[in-house]
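Chemist: Quick one: the structure is below, questions incoming.
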């Protein structure tokens, strides 16, 4: 297993962007002292998003994702999304939506031996990244087959009146809540277009202020007939919880 730091010029953001990539490498056979790999083998891939105030180093430095990915023979791509919430921003050259949903799978598949099969491509994230993973996974359901939101910050559209933070993100927060920036609206569009929905894994700590909105979104998906796996534990909005949960996500993914 290799841990790589990659910097490349993004066409969506029009600047050099960093990412960490956990990549399975040729298996080393101790007896023959050679590297072994199946011809043409391409790896299943998880695109893993960080939270607000974080960056591409968070998951590697604060969880055991590298070890667990190695055990699963899984590639993991961890980009920097700044504080964007992973949608197209108000300023030019800030299209994080297509950066995550289109460009990143395309460029990483050119760089590394990653599967191009939807069934082998997954997206997950925590807090802001949980919101980003859910929304991106719904909008780009032709790319991602499984979506995991951990303590997802989907509260943005629950209380839109007078929220100063939302006003910095959106020209008109109330109007934004009626568009596919709202994961519920994005999901309704998916269903109306009769696109194949992803499978969902949602979790939140019982002491997390975001528990209620995550339970509400879980019930919304289940009420619409979706395949949803739910988990909660006695934690707040914290890394100890996300470290435990990302292991459960990898166990949930179809990696056999």
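Each reported figure results from applying straightforward, stated rules to the coordinates on display, with no laboratory input. No experiment lies behind these values; they were computed from the predicted model shown. Cβ atoms come from the backbone with ideal geometry, glycine included; neighbour counts cover every protein chain shown.
Chemist: Return the percentage of antiparallel bridges among DSSP beta bridges fully within the chain, rounded to the nearest 5 %.
Modeler: Rounded to the nearest five, the antiparallel share is 40 percent.
Chemist: Comparing 188, 232, 41, which has the greatest mean-square fluctuation in the GNM of the chain with Cα pairs linked when under 10 Å apart?
Modeler: Result for the chain, Cα springs under 10 Å: 41 fluctuates most.
Chemist: Of the candidates 53, 114, 210, which one comes out as most mobile in a Gaussian network treatment of the chain with C-alpha springs shorter than 10 Å?
Modeler: Comparing 53, 114, 210 in the GNM, the peak value goes to 53.
Chemist: Nearest 10 degrees, 0 to 90: what angle lies between the long axis of helix 239-252 and the longest principal axis of the chain (Cα atoms)?
Modeler: Between the helix axis and the principal axis of the chain, the angle is about 70 degrees.
Chemist: How many nm separate the modelled label positions at residue 88 and residue 64, each set 7 Å beyond the Cα in the direction of the Cβ?
Modeler: 4.2
Chemist: Which percentage, to the nearest 5, of the DSSP beta bridges contained in the range 41-180 is antiparallel?
Modeler: Expressed as a percentage, antiparallel bridges in the range 41-180 total about 5.
Chemist: Under a 10 Å cutoff between Cα atoms, tell me which one of 79, 92, 198 has the largest fluctuation in the Gaussian network model of the chain.
Modeler: So, out of 79, 92, 198, the one fluctuating most is 92.
Chemist: Additional query: Give the order of 135, 218, 244, 206 when sorted by the count of other beta carbons within 10 angstrom, beginning with the fewest.
Modeler: With the sparsest Cβ surroundings first, the list reads 206, 244, 218, 135.
Chemist: Can you give the relative contact order of the chain as a percent, counting alpha carbon pairs under 8 Å and 6+ residues apart?
Modeler: For the chain, the relative contact order is 16 percent.
Chemist: Still on this structure, I have one more. Normalised by the number of residues in the range 81-185, what is the relative contact order in percent for Cα pairs under 8 Å and 6+ residues apart?
Modeler: 22
Chemist: Before rounding to the nearest 500, sum -39500 (n - 2.57) across all DSSP H runs of length at least 4 in the chain and divide by the residue total; then give [θ] at 222 nm in deg cm²/dmol.
Modeler: Rounded to the nearest 500, it is -9000 deg cm²/dmol.
Chemist: Still on this model: Please rank 229, 108, fewest neighbouring Cβ atoms within 10 Å first, as an exposure proxy.
Modeler: The most exposed by this proxy come first: 229, 108.
Chemist: Then there's this: Starting from the Cα gyration tensor of the range 184-256, take the square roots of the eigenvalues, sort them a ≥ b ≥ c, and report rounded, prolate or oblate (rounded when a/c is under 1.5, otherwise prolate if a/b is larger than b/c, else oblate).
Modeler: Because a/c hits 1.5 or more and a/b fails to exceed b/c, the range 184-256 counts as oblate.
Chemist: Expressed as an acute angle from 0 to 90° and rounded to the nearest 10, what is the orientation of the C-alpha long axis of helix 211-223 relative to the principal long axis of the chain?
Modeler: The two axes meet at around 80 degrees.
Chemist: Next up: Starting from the Cα gyration tensor of the range 69-148, take the square roots of the eigenvalues, sort them a ≥ b ≥ c, and report rounded, prolate or oblate (rounded when a/c is under 1.5, otherwise prolate if a/b is larger than b/c, else oblate).
Modeler: It is prolate, given that a/c is not under 1.5 and a/b is the larger ratio.
Chemist: Sticking with this one: Cα gyration tensor of the chain, axes a ≥ b ≥ c as square roots of the eigenvalues: rounded (a/c below 1.5), prolate (a/b > b/c) or oblate?
Modeler: prolate
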